[in-house]
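Some notes on the structure that comes next.
The values are calculated or read from the model by the stated rules, or taken from the named source; none is laboratory data. Computed from a predicted structure; not experimentally measured. Methodologically, a virtual Cβ is constructed for each residue, glycine included, from the backbone with ideal geometry; neighbour enumeration extends over all protein chains shown.
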Amino acid sequence: MNDCIQTVNDVLKNNQTLNILEQAFNFLIPSDLNMYYCGKRINTYNHRYGPAICDHFLLVYINDGHGRLETNNKVFELKPNHLLVMFPDNKIFYEVDKGIPWTIQWVGLYGSLVYTYLDFLGITPQNPIFPVKNSNEVKNILEILYKKSSSNNLGDKIDCISLLHKFFAELAENKQITPQKNDYIEQAINFMKYNYEQGISSIDVANSLKIDRSYFSKVFKQETGLSPTQWLTNLRINKACKLLKETNLSISEIAYSVGIFDQFYFSRLFKRRTGLTPIEYRKA
């Protein structure tokens, strides 16, 4: 009788093993968001994990089944269409309700963007469960990741990285971001750095942020010590100095290159800022 019971248990164990699939992902670029592996568990029973810690992020999407999670002295319910996030070096334990089939998909991730995206979503070690609204899209992305992760085709490797971003984009669907002061400053500086040559003004910068111009100018000066116009002018003059030293471009070409389309105004502005005309600066 005992031999019979042992045989049945072995059969069940072997059947469950056939329903546990995992693929390693070997592509080291980029490092800010990448994947170690991905996998899925299909209709298995009496599954439990831990207590254990990971040295990376493990994101588990629950397709079917119910269970209980214990972490950081808290207990959470596990149920379908929820994402469980295991953080690096954070002890976790979960156990599935007995007799109920358990189907999950998972990705093991690393990179600084994982922290950033999870922070935007409000997922923390103290709050590791996230309800997924567009479940079909998320499940489909994880399935494609699994199918392509073992491919040695460069296009598939790059596509997997793209799918990781798409995965987080689906989780963040309809989630609004409320910018803080520092966010506005960083976005404004970024906009000026990559658009100064188009002749933009401080009004254009404020419009790109969709905020009131007066409020923007006040906040920008509080944080940087300069008005947006002053910061933009300094950027243009510094770029012009570099071009005067390192290229043979004419004065009008340099003026145009830094977003000042009147050569004579550029020369006057340059002398006011540096004490030299563009020609004098180049000779010096």
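Out of all the residues in segment 262-284, which are assigned to a helix (DSSP H, G or I) and within 20 Å of Ser202 (Cβ to Cβ)?
Matches in segment 262-284: Tyr265, Phe266, Arg268, Leu269, Phe270, Arg272, Arg273.
Are there any helices (runs of 4 or more DSSP H) wholly within segment 156-261 with 1 or more residues that are in contact with a Leu (Cβ under 8 Å, 6 or more places away or on another chain), surrounded by fewer than 15 Cβ atoms within 10 Å (Cβ to Cβ) and not assigned by TED's automatic domain parsing to the domain that holds Gly122, and if so which?
181-193, 228-246
Out of the residues in segment 1-54 that are at pLDDT 90 or above and of a type in the set (Asp, Glu), state the one that is farthest from Lys98 (Cα to Cα).
Asp32
Which residues, counting only those in segment 136-150, are more than 14 Å from Ile42 (Cβ to Cβ) and assigned to a helix (DSSP H, G or I)?
Within segment 136-150, Asn136, Glu137, Val138, Asn140, Ile141, Ile144, Leu145, Lys147, Lys148 qualify.
Out of all the residues in segment 89-96, is one or more of a type in the set (S, T, N, Q) and part of a loop (DSSP other than H, G, I, E, B)?
yes
For segment 19-79, which fully contained strands (runs of 3 or more DSSP E) count at least 3 residues that are surrounded by fewer than 19 Cβ atoms within 10 Å (Cβ to Cβ) and of a type in the set (A, V, I, L, M, F, W, C)?
20-24
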